[in-house]
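The values are calculated or read from the model by the stated rules, or taken from the named source; none is laboratory data. It should be emphasised that the depicted structure is a prediction, and the values quoted were computed from it without experimental measurement. Neighbour counts are summed over all protein chains in view; Cβ atoms, including those assigned to glycine, are modelled from backbone coordinates with ideal geometry.
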Amino acid sequence: MKQRQLHQFPLLDAASFKKNLLSFYAAEKYLVYLESNQGSLKFDSYASLIGVGAIDHITCKSGTAFEQLNTFRAAHQDWMFGFLSYDLKNELEDLESTHQDLLEVPEGCFFVPELVFEISEKQVRLHSFIALQKEAQELIQKIQEHSFSKPTSTSQKAVLKAKDSKEAYLQKAYQVLDHIHRGDIYEANFCTQFYAEDVVVDAQKAFYDLNSISEPPFAVYARYQSFYAICASPERYLKKTGNQLISQPIKGTAKRSADSVEDESLKAALFNDPKERSENVMIVDLVRNDLSKTAVKGSVAVEELFGIYSFKQVHQMISTVTAELDSKYTAIDALKTTFPMGSMTGAPKISAMEIIDKNESFKRGWYSGAIGYFTPHDDFDFNVVIRTILYNEDRKALSFSVGSALTAAAIPEKEYEECLLKAKALFEVLALQGIDFD
């Protein structure tokens, strides 16, 4: 069996090389580009990681998806990149998704890339089946010399629509609150969707625009056949390094201010907000419980509670939970027992997911699922798919979704404002594509 070879080359301009690389492979139907933006979150492994082309791929539906993934993984102890849809919850629990997904994204899909690029500020490392250094050098040179033409805005005038009017959102949010007040659940991440049909998206331009506006630590530009994800996620779902598992749930959002004094005040207010702290600790407890299912007894620990991290658009409250994976469990077991991410469901988790599906007006699909990779050594890292534009090129349809956590102290009108705050960058990016909110 052929083995991947590692070739390393210096870089003078990493940013230009990454743009040239994406442009060079613009027609490639299997590509995942993970960008950390030199993020300040702990436990980052790569500045940028890119998987290109498909030696083999798998698309699976909820029912036996994790079993199929396990079999595919056993056949390919190699790099793998892919997507986990939120609706895989239906395989893991006795749940259903009653709504239609406008984009019809696959529920689980992974590919083994032909080429893997690790890119840091001064170097590119190429993992490939190219045996000779000279041939690898020629490929890198072709990418460097590729003529990258700056994308231009489209001339279309398309309309972005809300799946829920403000009034409909508020009515449904109050219904979820009623469940909380009755004691059915303590918290639910309640979401709404915006969508557009008969649109053409320049996906690479949208990614550059969104990444420039947000610069998050878990940005993604991804294509799987006709499906695109243009993602500015600030949140890690789950990472495995050796036997260590790391989850970094986000609960708590505040706007930024151009005035430095006011900005610091907003940060302090977020840190001290009893509602935000209550939301965060509920999800931390949920994540601790999920991790304990495959962890060495006594190894689950909260490394950081209520950490405040600042991004271009918002301040976020992020906690870090770690655990040691018991040797009798696999990497995929760790995913199965923690998916989907607790910050996007609620507590108790199963009841919250059930109530969410009854009250939300759309099928989440990839939204609040995960995008990430496996290494040949069975390590992995997956984000939470939020702050993300999803696009089906064949159907000429796009959507993005936003949500917030409802607790007993929630005021639905303020939660709706939080949703719009999270959507702000996405509205801006789509306007540059000629798609404006009606």
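So which of Ala65, Ala27 is at pLDDT 95 or above, over 22 Å from the mean Cα position of the chain (by Cα), under 26 Å from Leu390 (Cα atoms) and among the small types (Gly, Ala, Ser)?
Every option except Ala27 fails the conditions.
So which residues in region 36-70 are part of a strand (DSSP E or B) and farther than 19 Å from Phe227 by Cβ, if there are any at all?
Ser48, Leu49
Going by the conditions given, is Ser23 crowded, with 16+ Cβ neighbours inside 10 Å and in a helix (DSSP H, G or I)?
Yes; evaluated as a whole, the condition is true for this residue.
Kindly check whether there is at least one residue in region 133-152 that is of a type in the set (Gly, Ala, Ser), within 29 Å of Phe400 (Cα to Cα) and free of Cβ contacts under 8 Å to residues at least 12 places away in the same chain.
no
Please find, among Ser361, Ser351, the residue that is more than 22 Å from Leu291 (Cβ to Cβ) and among the small types (Gly, Ala, Ser).
Ser361
Would it be correct to say that Ser97 is at pLDDT below 95 and over 19 Å from the mean Cα position of the chain (by Cα)?
yes
Please list, ordered by first then second residue, the pairs with beta carbon atoms under 9 Å, 6 or more apart or interchain, first in region 309-322 and closer than 23 Å to Ala423 by Cα, second assigned to a loop (DSSP other than H, G, I, E, B) and of a type in the set (S, T, N, Q).
Tyr309/Ser40; Ser310/Ser40
When region 316-344 is examined, which residues are found to be over 13 Å from Asn383 (Cα atoms), in a helix (DSSP H, G or I) and out of contact with any Lys or Arg (no Cβ under 8 Å at 6 or more places or on another chain)?
Once the filter is applied, which keeps residues that are over 13 Å from Asn383 (Cα atoms), in a helix (DSSP H, G or I) and out of contact with any Lys or Arg (no Cβ under 8 Å at 6 or more places or on another chain), region 316-344 yields Asp333, Lys336.
Taking the stated definitions as given, is Tyr416 of a type in the set (Phe, Trp, Tyr), farther than 19 Å from Asn211 by Cα and touching a Lys or Arg at 6+ places or on another chain (Cβ under 7 Å)?
In short, yes.
Kindly indicate whether Ser147 is surrounded by fewer than 17 Cβ atoms within 10 Å (Cβ to Cβ) and among the hydroxyl-bearing types (Ser, Thr, Tyr).
Answer is yes for this residue.
Report, by residue number, each residue of region 377-430 that is part of a helix (DSSP H, G or I) and small (Gly, Ala, Ser).
Ala423, Ala425
Select, from Ala347, Ala301, the only residue that is surrounded by 16 or more Cβ atoms within 10 Å (Cβ to Cβ) and among the hydrophobic types (A, V, I, L, M, F, W, C).
Every option except Ala347 fails the conditions.
Which numbered condition trips up Glu215, out of (1) within 22 Å of the chain's Cα centre (by Cα); (2) buried (at least 17 other Cβ atoms within 10 Å of the Cβ); (3) modelled with pLDDT of 95 or more?
Condition (3) is where Glu215 drops out.
The rows are residues; the columns are (1) acidic (Asp, Glu); (2) in contact with a His (Cβ under 6 Å, 6 or more places away or on another chain); (3) under 30 Å from Asp394 (Cα atoms); (4) free of Cβ contacts under 8 Å to residues at least 24 places away in the same chain.
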residue	(1), (2), (3), (4)
Gln225	no, no, yes, no
Cys231	no, no, yes, no
Glu235	yes, no, yes, no
Ile246	no, no, no, no
Gly252	no, no, no, no
Asp259	yes, no, no, yes
Lys275	no, no, no, no
Met282	no, no, no, no
Val302	no, no, no, yes
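Which one of the conditions (1) free of Cβ contacts under 8 Å to residues at least 60 places away in the same chain; (2) surrounded by 24 or more Cβ atoms within 10 Å (Cβ to Cβ) does Ser399 fail to meet, given that it meets all the rest?
Only one criterion is unmet by Ser399, namely (1).
Looking at region 149-166, is at least one residue among the hydrophobic types (A, V, I, L, M, F, W, C) and farther than 30 Å from Ser310 by Cα?
Yes, region 149-166 has at least one match.
Of the residues Val159, Val116, Val176, which single one is part of a strand (DSSP E or B), touching a residue at least 24 places away in the same chain (Cβ under 8 Å) and surrounded by 14 or more Cβ atoms within 10 Å (Cβ to Cβ)?
Criteria check complete, one pass: Val116.
Could you list all residues from region 350-365 that are in a loop (DSSP other than H, G, I, E, B) and of a type in the set (Asp, Glu)?
Answer for region 350-365, where residues must be in a loop (DSSP other than H, G, I, E, B) and of a type in the set (Asp, Glu): just Glu360.
What do you reckon, is Ile130 within 19 Å of Ser48 (Cβ to Cβ), β-branched (Val, Ile, Thr) and either out of contact with any strand residue (DSSP E or B) (no Cβ under 6 Å at 6 or more places or on another chain) or assigned to a loop (DSSP other than H, G, I, E, B) (or both)?
Criteria not met by Ile130.
Hey, among Lys172, Lys161, which residue is over 15 Å from Ala423 (Cα atoms) and either of a type outside the set (Lys, Arg) or modelled with pLDDT of 95 or more (or both)?
One residue alone meets the criteria, Lys172.
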